[in-house]
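Before any comments, here is the structure.
Nothing in this text is a laboratory measurement; each read-out follows from the coordinates by a stated rule. Note that the structure is a prediction, hence the values are computed from the model and not measured. With ideal geometry, Cβ positions are generated from the backbone for all residues, glycine too; neighbour counts draw on all protein chains shown.
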Amino acid sequence: MPQFVIERNMPGVGKSSAADMQQASRASCNVLRELGPDVQWVHSYVTDDKIYCVYRAPDEELIREHAQKTGLPADSIAQVRRIIDPTTAD
């Protein structure tokens, strides 16, 4: 299944409490259950002012629907074309 990176501009998000992150995660998971198994949240990276999420979905539209239903921004969605790491150099 295609994998996507979603950039969410959320000023100050890095200062959110653990409880806030838990609440946001629960809301996201509830919508994922509603949308069914075709969209999967892999993980997210929280920085000072943005969250970068990795999702699997058949297309970008399903990711946009998830963002709309959760009320989270999806400022940029890019399909992953290839994954590289230090072993790629070998």
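Tabulated data for the structure shown
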quantity: CD proxy at 222 nm, helix term only [per DSSP H run n ≥ 4: -39500 (n - 2.57); per residue of the chain; nearest 500]; calculated: -10500 deg cm²/dmol
quantity: Peptides ranked, highest mean first, by Cβ atoms within 10 Å: ranges 17-23, 4-10; calculated: 4-10, 17-23
quantity: Charge dipole (debye, nearest 20) of the chain; +1 at Cβ of Lys and Arg, -1 at Cβ of Asp and Glu; calculated: 180
quantity: Cα gyration tensor, the chain - rounded (a/c under 1.5), prolate or oblate; calculated: oblate
quantity: Relative contact order of the chain, defined on C-alpha pairs under 8 angstrom at six or more residues apart (%); calculated: 45
quantity: Peptides 30-38, 61-69 ordered by average Cβ neighbours within 10 Å, highest first; calculated: 61-69, 30-38
quantity: Region 1-39-region 57-90 distance, computed between alpha-carbon centres (Å); calculated: 12
